[in-house]
Amino acid sequence: MKNGPGPVHRTLRTRRDTRLLGAALARILGAGDLVILSGDLGAGKTFLVRALARALGVTAPVVSPTFALVQEYATDRGALVHADLYRLLGPSLEAEVARLGLRELRAEGAMLVVEWGADATAALGGEPAVVVSLAIGPEDGSRVAALSGWRAPDIV
């Protein structure tokens, strides 16, 4: 297991800060990388994915996969797959993830970004390159991003 140092925290005071974090993630991701996003509803997970996708050159609308479960976007660096497992949480999570074929997409080189995927890392093919935990700031509505994973130290 390739563990990096403890989480690095970033305060995201504005939407621009979140877009900059998405661009930084885009710079370090490679084929087959897994990014796990966690945080309460409304913490900005899908907004961050939209920023990441834009930084990878996606011009199509980037929408939440909450009901579709999986959205796939073509980029110059390969497929970007965005999944949301919120509706699948529970005892059948691993079987449902297997049914979606996310592990296979990752093995084929897709960059896989998964909301609510912390309990499914094994089913998703193992260790995430980056884990982003988003929390809403208590006073000003800013977000705090805790970044961990073996690629997190490369995010600048």
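Tell me the residue from Asp33, Asp40 that is surrounded by 16 or more Cβ atoms within 10 Å (Cβ to Cβ) and among the acidic types (Asp, Glu), please.
Asp33
From Asp84, Asp76, Asp17, grab the single residue that is charged (D, E, K, R) and in contact with a strand residue (DSSP E or B) (Cβ under 7 Å, 6 or more places away or on another chain).
Asp84
Conditions (1) under 18 Å from the mean Cα position of the chain (by Cα); (2) part of a strand (DSSP E or B); (3) within 22 Å of Glu72 (Cα to Cα), marked per residue:
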position: Glu96; (1), (2), (3): no, no, yes
position: Gly109; (1), (2), (3): yes, no, yes
position: Asp119; (1), (2), (3): yes, no, yes
position: Gly125; (1), (2), (3): yes, no, yes
position: Glu139; (1), (2), (3): no, no, no
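Could you list, in sequence order, all residues of the range 141-156 that are in a helix (DSSP H, G or I) and either modelled with pLDDT of 95 or more or surrounded by 17 or more Cβ atoms within 10 Å (Cβ to Cβ) (or both)?
Scanning the range 141-156 gives a single hit, Ala152.
If the requirement is being under 21 Å from Asp154 (Cβ atoms) and touching a Phe, Trp or Tyr at 6+ places or on another chain (Cβ under 7 Å), which of these qualifies: Leu89, Leu80?
From the options Leu89, Leu80, the qualifying one is Leu80.
Please tell me if Pro65 is surrounded by 12 or more Cβ atoms within 10 Å (Cβ to Cβ), at pLDDT below 90 and over 18 Å from Ser142 (Cα atoms).
Yes, satisfied.
Restricting the search to the range 1-30, which residues are surrounded by fewer than 14 Cβ atoms within 10 Å (Cβ to Cβ), among the hydroxyl-bearing types (Ser, Thr, Tyr) and not in a loop (DSSP other than H, G, I, E, B)?
Selection gives Thr11 alone.
Within the range 99-133, take every residue that is closer than 19 Å to Gly39 by Cα, of a type in the set (A, V, I, L, M) and at pLDDT below 95 and give me the one that is surrounded by the fewest Cβ atoms within 10 Å (Cβ to Cβ).
Ala118
Please tell me if Arg27 is charged (D, E, K, R) and modelled with pLDDT under 90.
Criteria not met by Arg27.
If you take the residues of the range 37-62 that are charged (D, E, K, R) and modelled with pLDDT under 95, which of them is farthest from Val130 (Cα to Cα)?
Selected residue: Asp40.
Are any of the residues in the range 6-19 closer than 21 Å to Glu108 by Cβ and modelled with pLDDT of 95 or more?
no
Across the range 76-94, which residue is surrounded by the fewest Cβ atoms within 10 Å (Cβ to Cβ) among those that are among the charged types (D, E, K, R) and not in a loop (DSSP other than H, G, I, E, B)?
Arg87
Taking Leu37, is it part of a helix (DSSP H, G or I) and either under 13 Å from Val113 (Cα atoms) or among the charged types (D, E, K, R) (or both)?
Numbers: part of a helix (DSSP H, G or I): no; either under 13 Å from Val113 (Cα atoms) or among the charged types (D, E, K, R) (or both): yes.
When the stated conditions are applied, Leu37 does not pass them.
The values are calculated or read from the model by the stated rules, or taken from the named source; none is laboratory data. All figures in this text were calculated on a predicted structure; none of them were measured in a lab. We place every Cβ from the backbone using ideal geometry, glycine too, and count neighbours over all the protein chains shown.
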